[in-house]
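Coordinate-derived values only; no laboratory data. These numbers come from a predicted model, not from an experiment. Positions of Cβ are backbone-derived with ideal geometry, glycine not excepted, and every protein chain shown enters the neighbour counts.
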Amino acid sequence: MYLERVSTPADLRDMSYTELEDLAGEIRDFIVAAVSETGGHLGSNLGAVELTLALHRVFHSPLDAILWDTGHQAYVHKIVTGRQAQFEQLRQVGGLSGYPSREESDHDYVENSHASTILSYAYGLAVARDAGVDDHRHIVAVIGDGSMTGGMAYEALNNIGHGKKRVIMVLNDNGRSYAPTVSNLSASIQGQDERAAHPSFTDRVTEKLSEALTDIRLNPVYVRRQRRLEHFLEGLPLVGHQAGSAMEAFKAGVREFLQPPSFFEALGVRYVGPFDGHDVEAMEHALLNAIELSDEGPILVHMLTQKGRGYSPAEDDDEKHLHDAPIFDPVVGPPKAVSTGYTQAFAEAIVKEAEADDRIVAITAAMPGPTGLLPFQERFPHRFFDVGIAEQHAVTGAAGMAMGGLRPIVAIYSTFLNRAWDQVVYDVALHRLPVVFCLDRAGITGPDGASHHGVYDMALLSKVPGMRVLAPSSAQELAQMLHDAVQLADSGPIVVRYARGAARQVAEHEVGTGLRARRAVAGDDATTCIIAIGKMLEIAEKAAAALAVDGLATTVWDARCCAPLDPEMIADAARHEHVITIEDGIRVGGIGMTIADEVGAIDASTSVDVLGLPTKFIPHDPKSANIHARYGLDADHLVQLVRER
């Protein structure tokens, strides 16, 4: 077992290439076994095994900073930096994070669970190093798994190239993000291009020429001679400038013909590749030469990898190559991913609404499967738009569609909408545009940790002028809210935010309408009123039932609409001696505090307890209910609080 011999990156450097090949197989088996026990990101890590080995053989982490974007492709990095034993607790309470973690290891620099940011980190680290205050020798940014579809990556590229920063960028190109990557810069090996599957003689000759050109351009001797030739031409009397320009034009033409990604070079970034991302020896050669060439400025090394490589269930998964997986039997692989709970309710509801209204279009940012849009895509392919990992563009693109007369529905995770806050406020809300935002994974999400909990949306969006914020408490409520939202959008944007996981199924009489709240439990002579938001209604009803056994009547309202709040609900709450609000979002600035203000304006003697989440980064826990209980968002705590009052 070669894996047992690896506890630090230095252990890799004495291995032969044959031994490394066996090690790669062992690592893949280890990752499949580990993820099958705990769930986690699978396909992206299976595809990055050889690439990670090559990086750690060439660079000396942590003296050299190896940065990952996105962080979910860093499992192999964790394995070779001494954290194998901790994989038994991957994404468990107090266990190994599913992303790089500064608290776990000196080898981790960025907890980069959101995409397209690493080149900006690399730029900043390079500035600090060049200023003499940071001692990193090389700064290596590994960007891939769709991250190059995000606009922030190109903003950083522009600055890195313009500033001639000595940054080595490694593009891990597997042709995917969650779904197939939306990008013309991606040179995927997934067999999507018919010419790649059946190359003509001309294609084969061009490929050989491209490989030869790459080898030449990676050769430092060639680079030095090229620089001398350029200086000689530019120094020629009278025609020096024209001769230099002609040489540059000739080189650009060759690059454009043989290597389309010369786009990078237009930004001042040397581009080399692509290389086989599963050939350790070839990658080492490319990376060693990149180190020498980086003395002249930034360089991007393009690696082609296969997402899910070496595990047939992942290779055969056309949708996502097992990008992520629940607990599963490693022999047969995970069952086919299907939408469940609130996501499934949304998937069914949006198709129904689109069948009745041909203005409806659906937009997502690289996540058609997780947001439940695959049925919509299949039913209405020309009304479906996946923009890649580009949330800002998704929102402003939706604004343009709305201006043009369409009725866009933007389906996105709550945490990822944070990336498009400016666009929501000034591109959509300021113009009062009919855009419907459907926010999946709102509230506590569980195993993905602090960066994925969707706890800010209500506090933020409820402060946007003209924005309406709806929170369903059941699958049927979600369907009703989406139907209402399409109509309500005539007067401006509207949000429907819902939780990850199971959704309650309720009868027709337990569903509200429009922007009105619904009284779920009418307590006779009750002195306490509980106002619950979204999935917290189930907890409030359980508490009310437990209190009723003791003869304590309690009124329970399903707020339904968080902004604006229903005046009838507020007036009824103010009749009680005591009000409790409960929400799956941050407490400070949240909906409960707004309720307390409005109740207090009617009757200042009514006491209000506001229950919500603290303003802190909350670590991962595979069971969201554990986190809720930790912060008092459970039925037992509600019962105790009412009894105390």
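Extension gain for the segment H509 to Q89, taken as residue separation times 0.36 nm less the Cα-Cα distance, is 146.8 nm to one decimal. Cross-linked pairs K307/K463; K78/K542; K78/K336; K164/K616; K336/K616: Cα-Cα separations exceed 31 Å for K307/K463; K78/K542; K164/K616; K336/K616.
What does the net charge come to around A545 if you take all other residues with beta carbon closer than 13 Å to its beta carbon, with K and R at +1 and D and E at -1? Cβ neighbours under 13 Å give a net charge of -3. The convex hull drawn around the Cα atoms of the range 519-644, when projected onto a plane and averaged over every direction, covers 7.5 nm². Counted over the range 519-644, the DSSP beta bridges are approximately 10% antiparallel.
Can you tell me which aspartates and glutamates have their Cα less than 14 Å from the Cα of K352? Leave out same-chain residues fewer than eight positions away. Within reach: E378, D484. For the range 519-644, a crude dipole built from +1 on the beta carbon of Lys and Arg and -1 on the beta carbon of Asp and Glu, taken about the Cα centre, is about 460 debye to the nearest 20. Seen from a random direction on average, the alpha-carbon convex hull of the range 391-440 projects onto 2.7 square nanometres. How big is the antiparallel share of DSSP beta bridges in the chain, given as a percent to the nearest 5? Expressed as a percentage, antiparallel bridges in the chain total about 15. 3J(HN,Hα) along the range 447-460, derived from phi through the Karplus expression 6.51 cos²θ - 1.76 cosθ + 1.60 where θ = phi - 60°, amounts to x, 7, x, 4, 6, 10, 4, x, 9, 9, 4, 5, 4, 6 Hz, with x in place of Gly and Pro.
Binning all Cα-Cα separations of the range 341-497 at 5 Å, short to long from zero, yields these whole-percent fractions: 2, 10, 21, 25, 24, 13, 4, 1, 0. What percentages make up the Cα-Cα pair-distance distribution of the chain when the bins are 10 Å wide from 0? Reading the bins upward from 0: 3, 15, 23, 22, 17, 11, 5, 2, 1, 0, 0. For R643, the shell of other residues with beta-carbons less than 12 Å away shows a net charge of -2, using +1 for Lys and Arg and -1 for Asp and Glu.
Between D524 and D358, the contour length at 0.36 nm per residue exceeds the Cα-Cα span by 55.1 nm.
Extension gain for the segment A548 to D276, taken as residue separation times 0.36 nm less the Cα-Cα distance, is 91.2 nm to one decimal.
In summary, the aspartates and glutamates within cross-link reach of K623, defined as a Cα separation below 12 angstrom excluding same-chain residues under 8 places away, comprise D448. Taken about its Cα centre, the range 341-497 carries a charge dipole of roughly 240 debye when the Cβ of each Lys and Arg holds +1 and the Cβ of each Asp and Glu holds -1. Measuring nothing but how far apart in sequence close Cα pairs (under 8 Å, 6+ apart) lie, relative to its length, the range 519-644 scores a relative contact order of 27 percent. Taking Cα centre as origin and charging only the Cβ of basic (Lys, Arg, +1) and acidic (Asp, Glu, -1) residues, the dipole magnitude of the chain rounds to 1200 debye. Phi-derived couplings, Karplus 6.51 cos²θ - 1.76 cosθ + 1.60 at θ = phi - 60°, listed residue by residue for the range 276-291: 6, x, 10, 10, 4, 4, 5, 5, 4, 4, 5, 6, 5, 5, 4, 4 Hz, with x used for Gly and Pro. Each of D173, D14, D636, D324 has some number of other Cβ atoms within 10 Å of its Cβ, and from fewest to most they run D14, D636, D324, D173.
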